[in-house]
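Visitor: Pasting a structure below so you can have a look.
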Amino acid sequence: RFTVPINLSEYMEANQDIKDLIYNKINANEAIRLAIEETDPEIGIQKMIDRIARNLEAERFFIFEENDDDTVSCSYEWERDEGVALKPTLQHIPKERLQHLYEQFERNEVVLVPNGEKYLLDHPGVNYLIDGIKSAVSGYLRNSERSYGFTEVINPSPKTFKSATE
């Protein structure tokens, strides 16, 4: 065990952006801690997703993983209101259907969609995998040059949307 005590009081008295950054870092570290302290990785990942989605006040959170057949499948799902599970219907989706998302991942590892309706108007031919998207945050999952898939945060609250990138 390695512990480093830090007095954050001088930072907490600073401007709101710094407070938000510290809060987001603490929450990210807590989500990671929840995941790695579990002996069962599946439970750890679900706990991490739960923590992230609740912090962002999201409606849904998904992890999509790439398959060997050039498709992606939803491997993890979280929904705020215990609604209808979408994971079974989000299997073996051709990557070409998500070409617009992967093109954006080449420029940024996080794709922000602050207004779902406007995004569809600005990007003809794009179809969402999930209905009811008002806003979304997609995060590219890769290690070095290897692509593994992406995360999808659906309808985070407006007050947490900006912090979703962090």
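Visitor: What full-extension length gain, to one decimal in nm, is calculated for ASP122 and ASP50 as 0.36 nm per residue of separation minus the Cα-Cα distance?
Guide: Numbers: separation 72, 0.36 × 72 = 25.92 nm, distance 3.17 nm.
Gain on extension, ASP122 to ASP50, equals 22.8 nm.
Visitor: To the nearest 10 Å², what's LYS159's accessible area with a 1.4 Å probe?
Guide: Answer for LYS159: close to 150 Å² accessible.
Visitor: Mind scanning LYS25/LYS134; LYS87/LYS118; LYS95/LYS162; LYS118/LYS162 and naming the pairs with a C-alpha gap bigger than 22 Å?
Guide: Working: LYS25/LYS134 26 Å; LYS87/LYS118 26 Å; LYS95/LYS162 27 Å; LYS118/LYS162 18 Å.
Checking Cα-Cα distances, LYS25/LYS134; LYS87/LYS118; LYS95/LYS162 exceed 22 Å.
Visitor: Once you sort the root eigenvalues of the Cα gyration tensor of the range 32-106 as a ≥ b ≥ c, which label holds: rounded (a/c under 1.5), prolate (a/b larger than b/c) or oblate (the other case)? Present the calculation step by step, with values, prior to reporting the outcome.
Guide: On the way: a/c = 1.79, a/b = 1.58, b/c = 1.13.
Here the range 32-106 falls in the prolate category.
Visitor: At 1.4 Å probe size, with the rest of the protein present, what percent of the exposed accessible area of the chain is carbon and sulfur atoms? Don't skip to the answer; put the middle values down first.
Guide: Details: 5580 of 10930 Å².
Percent of accessible area from carbon and sulfur atoms in the chain: 51.
Visitor: Excluding ILE45 itself, calculate the net charge of residues whose Cβ lies under 12 Å from the Cβ of ILE45, where each Lys or Arg counts +1 and each Asp or Glu counts -1. Working shown, then result.
Guide: Values: positive: LYS47, ARG51; negative: GLU38, ASP40, GLU42, ASP50, GLU65, GLU77.
Spelling it out: positives minus negatives among the neighbours equals -4.
The values are calculated or read from the model by the stated rules, or taken from the named source; none is laboratory data. Just so it is clear, the model here is predicted, and its values are computed rather than measured. Methodologically, a virtual Cβ is constructed for each residue, glycine included, from the backbone with ideal geometry; neighbour enumeration extends over all protein chains shown. All accessible areas refer to the heavy atoms of the entire protein, side chains included, with ligands and DNA or RNA removed. Shrake-Rupley method; radii C 1.70, N 1.55, O 1.52, S 1.80 Å.
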